[in-house]
Amino acid sequence: MTAGLALDIGSWVLMLAGSFFVFVGGVGALRMPDFYTRMHAASLTDTLGTILILSGVILQAGLTLAAIKLAAIMVFLLLTCPTAAYALANAARLSGLSPRPEQTPGKD
Amino acid sequence: MSWRVITLGLVLAATWLLWSGIYKPLLLVLGLTSCVLVILLARRTGFFDQDVYSLRLGPSLPGYWLWLLKEIVKSNLQVAGVVLKPTLNIQPEVVNVDASDLPLVSRATLANAITLTPGTLTMDVDSGVLEVHCLTSATAADLQKGEMLARARSLERT
């Protein structure tokens, strides 16, 4: 009973923390001034958001095949997200979008 | 058909059968279709032409992933701090990381590791020199310390 409760609390904490990073990623994507900086913010959602939420769900699944599948989903996401991000950034770069915006808030 | 095509096909088929666990005709046909599709796509990307089987990365990979996880947590907190600050304090800049002496697999690993840590984003790898977009001068300074590159290089030596 208590062990189950501890697992539940642990998974809630992980999932809430993950949701926090997904939320902050969304806020960042809206706040940032240009394409590349928005991508930086969005990668919060891709990385720690994904890791924490899936870890929380794995705790809920316990020692089952489902947990292994969830862990595999996490690994695949962590392998494919940067590839997708690279495809996006590289496409922007090749089509001539400058990585140095003229007016950058905060710099000089 | 080379042995690489056959190996990949067998691995894909075994993976599908073990993980789906449902052996109805519809799902078996779907599985076969996706295996064939993956092999065709892999062929289009040149997967069978080069020595891209990276099994020699094996033994040092878990340690590398652990270190990368630590870096991901660190930079996530850093970027979350930047995002949540009332005044947006960012200094975007482009940093070049010379990885032209690394083999292709390590180069791809390095580029993906850089993208995976928020605050740094690989934009171009084609020339062997990675063009990396950095969100703040702090993340740029971290990258220029070169630990990312050194770790990727040590991966390949073992």
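The values are calculated or read from the model by the stated rules, or taken from the named source; none is laboratory data. Being a predicted model, the structure only gives us computed values, none of them experimental. Cβ atoms come from the backbone with ideal geometry, glycine included; neighbour counts cover every protein chain shown.
Checked against (1) within 14 Å of another protein chain (Cβ to nearest Cβ); (2) in a helix (DSSP H, G or I), A:Pro33 meets all criteria but (2). Just one of the listed residues (B:Leu110, B:Leu155, B:Leu66, B:Leu84) is within 14 Å of the chain's Cα centre (by Cα) and within 14 Å of another protein chain (Cβ to nearest Cβ), namely B:Leu110.
Whether any residue in the range A:78-92 is in contact (Cβ under 8 Å) with a residue 24 or more places away in the chain, over 18 Å from B:Thr117 (Cα atoms) and out of contact with any Leu (no Cβ under 9 Å at 6 or more places or on another chain) is what I want to check. Yes, there is a match, as at least one residue in the range A:78-92 is in contact (Cβ under 8 Å) with a residue 24 or more places away in the chain, over 18 Å from B:Thr117 (Cα atoms) and out of contact with any Leu (no Cβ under 9 Å at 6 or more places or on another chain).
When residues of the range B:142-152 are filtered for being over 12 Å from the mean Cα position of the chain (by Cα), part of a helix (DSSP H, G or I) and under 21 Å from B:Leu61 (Cα atoms), how many remain? Break it down stepwise before answering.
Just the residues of the range B:142-152 that are over 12 Å from the mean Cα position of the chain (by Cα), to begin with: B:142-151.
From what's left, part of a helix (DSSP H, G or I): B:142-144, B:147-151.
Then drop every residue that is not under 21 Å from B:Leu61 (Cα atoms), which leaves B:143, B:147-151.
Of the residues in the range B:142-152, 6 are over 12 Å from the mean Cα position of the chain (by Cα), part of a helix (DSSP H, G or I) and under 21 Å from B:Leu61 (Cα atoms).
Being buried (at least 16 other Cβ atoms within 10 Å of the Cβ) and more than 11 Å from chain B (Cβ to nearest Cβ) is true for just one of A:Leu78, A:Leu70. Which residue is that? After applying the criteria, what remains is A:Leu70. Screening B:Ile90 on (1) within 30 Å of A:Ala41 (Cβ to Cβ); (2) touching an Asp or Glu at 6+ places or on another chain (Cβ under 8 Å) shows it passes everything except condition (2).
Taking the numbered list (1) within 11 Å of chain B (Cβ to nearest Cβ); (2) surrounded by fewer than 17 Cβ atoms within 10 Å (Cβ to Cβ) in turn, A:Pro99 passes all entries but (2). Taking (1) under 22 Å from B:Pro103 (Cα atoms); (2) in a helix (DSSP H, G or I); (3) in contact (Cβ under 8 Å) with a residue 12 or more places away in the chain in turn, B:Thr139 satisfies each apart from (1). Has the range B:95-105 got any residue that is at the interface with chain A (Cβ under 10 Å from one of its Cβ atoms), assigned to a helix (DSSP H, G or I), under 21 Å from A:Cys81 (Cα atoms) and modelled with pLDDT under 90? Looking for residues that are at the interface with chain A (Cβ under 10 Å from one of its Cβ atoms), assigned to a helix (DSSP H, G or I), under 21 Å from A:Cys81 (Cα atoms) and modelled with pLDDT under 90, one finds none in the range B:95-105, hence no.
Does A:Gly62 satisfy the criteria of being closer than 14 Å to B:Ile72 by Cα and either touching a residue at least 60 places away in the same chain (Cβ under 8 Å) or more than 9 Å from chain B (Cβ to nearest Cβ) (or both)? Walk me through it before giving the result.
Values: closer than 14 Å to B:Ile72 by Cα: no; either touching a residue at least 60 places away in the same chain (Cβ under 8 Å) or more than 9 Å from chain B (Cβ to nearest Cβ) (or both): yes.
No.
Would you pick out the residues in the range B:121-130 that are crowded, with 20+ Cβ neighbours inside 10 Å, part of a strand (DSSP E or B) and at the interface with another protein chain (Cβ under 8 Å from one of its Cβ atoms)? Correct list: B:Leu121, B:Thr122, B:Met123.
Of everything in the range B:8-37, what is out of contact with any Gly (no Cβ under 9 Å at 6 or more places or on another chain) and within 30 Å of B:Arg107 (Cα to Cα)? Give them in sequence order. Walk me through how you get there before you give the answer.
Pass one, the range B:8-37, residues out of contact with any Gly (no Cβ under 9 Å at 6 or more places or on another chain): B:8-11, B:14-15, B:18-19, B:21-34, B:37.
Within the range B:8-37, B:Leu8, B:Gly9, B:Leu10, B:Val11, B:Ala14, B:Thr15, B:Ser34, B:Leu37 qualify.
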